[in-house]
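The values are calculated or read from the model by the stated rules, or taken from the named source; none is laboratory data. Being a predicted model, the structure only gives us computed values, none of them experimental. Note that we place each Cβ from the backbone using ideal geometry, even for glycine, and neighbour counts take in every protein chain shown.
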Amino acid sequence: MTVLHIDFETFSACELKEAGLDNYARHPTTGVHCMAFAFDDEPVGMWKFGEKNDAGGRGGLSLFGHVREGGLVYAHNAAFELAIWNNVCVPKYGWPVLKPEQVRCTMAMAYAMSLPSSLDKASAAVGIEQRKDMTGARVMMQLAKPKALGHWSDCATHNAPAYPAGSCDCGANASIFWTPEDAPEKFQQLYAYCKQDVEVERALHKCMMELSDYEQKIWQIDYRINQRGIQVDLEAVNAAIKLVESEKARLNAEMLKTTGGVVGSCTEVQLLVKWIRSQGVEIRGLAKADVLDALSETGGDPLPDRVRTALILRREAAKSSTAKLIAMRDAASADGRVRGILQYHGANTGRWAGRRIQVQNFPRGNLKPKEVDEFLGSLLALRGGRWTPEAFSRWTDMMYGPPLDVLASCLRGMLVAAPGHELVAADFNAIEARVLAWLAGEEKVLDIFRTHGKIYEHAAAGIYDKPMEHIDKSERQIGKVAVLALGYGGGIGAFQSMARVYGVKVEDHEADNIKKAWREAHPRIVGYWHDLESAAINAVQLGCVCKAGVAGRQVQFKKNGSFLWCKLPSGRVLCYPYPEVRDVEVPWGGTKPALFYWSVNGTTNKWEETNTYGGSLAENVTQAVARDLLADAIVWLEEKGYPVVMHIHDEVVVEVPSTAPAHTTELIEKLISQTPAWAAGLPVSAEGWRGKRYRK
């Protein structure tokens, strides 16, 4: 089967990173310098816009004929090529429509193999000879921008200029973009760079595994969901930004006063650290954990009043969640919807990652949905000019709490249904605890979920060795923390980290006792950690298929070439690149074999070697299975005519007409609570809500 590989080089007055792909591709100034393409292993061709081109291929097959006939088209980060092809080349140059169903994305394949996502880093990771032209990349960045911004930044009503750039219909001078006549040598570099990208993408494709038919279907649905987007309440967002600016100005003024004129802004981190140390207080830095530790005064002398005040001001002003308001405003398209917010297979487990407004990590918030509605309604009064920002801040603090805290609680509520519609959301109940127990065969836990579902009380009963009906509220909270923190081999540190999230305070020795009691009450889960670790290590050392878990729910490890594969019950596979088993020292003395592999560091984004253990493997597998349940649910919803606009780990959000039947929420709950054939015996349940604003 003949396939086509393509890569565009574009230009625009719009900033791609700030505005997002949809806005970039639809911006009237966006155009194309060139497109490199290749059929199968043929030499790479070049389509230069503004010139006469030969788009032929093997056997006379044309570029456009291939697309019209539904031929496969490969690209790295194919969403970009789809957007440029259909939003620029189709309307401006009369090209045939490129359908998502005929597109294959090598970046998605790289993600699915736990490789770096960028073309350059992925090609380096697999060791191919073809490499991205980084010198050409700098030229590309220059030619992608206008020579001078001119008038475009102020005019939103013009039509796009022809290529090369001309003048705006409204009479003003348009931005002048680079043309081959302006810089012939640089354009030759650009053409070479573009052709090399196709060479590298094609070579990378040959080194990777194709997505399965089902995963390709998931990718296509993901593309449609990202194109659909979700509505943003821009009026509330703009009012909130105004309040943030006012509040941060107030906090900065307070910081200047508190520090005696030394520190003029809460963001002057180095200066503030130096001032705090000058007050006789040692502090490592001003990261969130450092500030919280200092304010807790655990094991130390009381903080001077001015230092405490300065730290509180820094804590308030440093709420990064309010930056999402800017992202929402900038990412919204002309119709008020934010698109491209989900990244297929962004995590090694297959889970989606957040993009643009990062819906995956919205803060928990303290306000109830009704309070959010009330506050956002009042916020519009600020937008209407009936309040000054300063007065509104004081009113907010009096009625709801610190303004930036309140706004963080309202971020979810900024996402809304389109006019005449409502959002219906449903999320799986305690899905990771269910999946882990199912994989490990911890039937007594599964029976809890099959009956009353009081998993936290059940965990507390095991910890305190008492009947469930005698568990009090504080003990239930301990049980909740234990369920969330200890399922993947975590110890005192994991328990205490989760305890801080839920306001639970216990001494380390008590946390250790809780850990031991929980493990004694869940022997099959503890055994599952060891089984997974042994199976993975044996697969690498012995070269055979090694299984772990209960029959019918097993995962299977096999080393093939330079990769360790883990086949899940759904049939999907996880990938551990370049596995190796080496001995490592253990805290209790001696050494033990450990699995090492390469991955992208989630913090530094660097491709580096790491090692793992049974509990971490259990977390990988559990989250991967939970992801497959969500993927199945998304497919079912789309097939039943419920358009998904967003999903977050264990939750899916659809948009329905306001006239949809009253029992729509129950129908959706029932639909996604189905147990797939591959997950027989796994009790799944979901709980949902319906409303105009997104909430948790």
Exercise for the section: Look through the stretch 374-408, keep the residues that are basic (Lys, Arg) and at pLDDT below 85, and return whichever of them is nearest to Ala236 (Cα to Cα). Expected result: Arg383
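Check every one of the strands (runs of 3 or more DSSP E) wholly within the stretch 1-101 and list those with 1 or more residues that are among the charged types (D, E, K, R), in contact with a His (Cβ under 6 Å, 6 or more places away or on another chain) and more than 29 Å from Leu325 (Cα to Cα). Before the answer, list the steps.
Details: elements: 3-11, 31-39, 45-48, 72-75.
Correct list: 3-11.
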Practice task
Would you mind telling me which numbered condition in (1) assigned to a helix (DSSP H, G or I); (2) in contact with a Lys or Arg (Cβ under 9 Å, 6 or more places away or on another chain); (3) crowded, with 21+ Cβ neighbours inside 10 Å Leu243 fails?
Solution key: (2)
Problem - Given (1) buried (at least 16 other Cβ atoms within 10 Å of the Cβ); (2) free of Cβ contacts under 8 Å to residues at least 60 places away in the same chain; (3) assigned to a loop (DSSP other than H, G, I, E, B), index of the condition Phe557 fails - result: (3)
Practice task
For Ile448, indicate whether it is touching a His at 6+ places or on another chain (Cβ under 9 Å), surrounded by 21 or more Cβ atoms within 10 Å (Cβ to Cβ) and free of Cβ contacts under 8 Å to residues at least 12 places away in the same chain.
Solution key: yes
Problem - Every residue from the stretch 573-587 that is at pLDDT below 95, assigned to a strand (DSSP E or B) and of a type in the set (Val, Ile, Thr) - result: Val584
Handout entry: Scope the stretch 500-510; condition surrounded by 17 or more Cβ atoms within 10 Å (Cβ to Cβ) and farther than 14 Å from Ala460 by Cβ; matching residues
Key = none
Problem - Matching residues in the stretch 625-648 - criterion: being surrounded by 19 or more Cβ atoms within 10 Å (Cβ to Cβ) and either over 20 Å from the mean Cα position of the chain (by Cα) or assigned to a loop (DSSP other than H, G, I, E, B) (or both) - result: Leu637, Tyr642
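For every residue, the table says whether it meets (1) surrounded by fewer than 17 Cβ atoms within 10 Å (Cβ to Cβ); (2) of a type in the set (D, E, K, R); (3) over 26 Å from Tyr223 (Cα atoms).
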| position | (1), (2), (3) |
| --- | --- |
| Glu316 | no, yes, yes |
| Met328 | no, no, no |
| Arg337 | no, yes, no |
| Asn348 | no, no, no |
Fill in the blank from the handout: All-but-one check, Val198 against (1) crowded, with 22+ Cβ neighbours inside 10 Å; (2) modelled with pLDDT under 95, failing number (2)
Handout entry: Residues satisfying the stated conditions in the stretch 370-401, i.e. in contact (Cβ under 8 Å) with a residue 24 or more places away in the chain, among the hydrophobic types (A, V, I, L, M, F, W, C) and farther than 30 Å from Arg690 by Cβ
Key = Phe392
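How about the stretch 600-624: which of its residues are over 24 Å from Asp650 (Cα atoms) and assigned to a strand (DSSP E or B)?
Going residue by residue through the stretch 600-624, those that are over 24 Å from Asp650 (Cα atoms) are 604-613.
Within the stretch 600-624, Trp607, Glu608, Glu609, Thr610, Asn611, Thr612 meet the criteria.
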Problem - Pick from the stretch 350-361, criterion crowded, with 23+ Cβ neighbours inside 10 Å and among the aliphatic types (A, V, I, L, M), ranking: farthest from Leu272 (Cα to Cα) - result: Val359
Completion exercise
Of (1) more than 17 Å from the chain's Cα centre (by Cα); (2) of a type in the set (Asp, Glu); (3) closer than 23 Å to Ala353 by Cβ, Glu585 fails just (3)
Practice task
From (1) over 30 Å from Leu407 (Cβ atoms); (2) touching a Pro at 6+ places or on another chain (Cβ under 9 Å); (3) outside the structural domain of Asp7 (by TED's automatic domain parsing), pick out the condition that doesn't hold for Gln216.
Solution key: (2)
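Just one of Leu423, Leu367 is farther than 17 Å from Leu325 by Cα and assigned to a strand (DSSP E or B); which is it? Let's see the steps before the verdict.
Details: Leu367 fails: assigned to a strand (DSSP E or B).
Of the residues listed, the single one that is farther than 17 Å from Leu325 by Cα and assigned to a strand (DSSP E or B) is Leu423.
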Handout entry: Selected residue [under 29 Å from Ala686 (Cα atoms), surrounded by fewer than 19 Cβ atoms within 10 Å (Cβ to Cβ) and of a type in the set (A, V, I, L, M, F, W, C)] from Ala408, Ala381, Ala418, Ala426
Key = Ala418
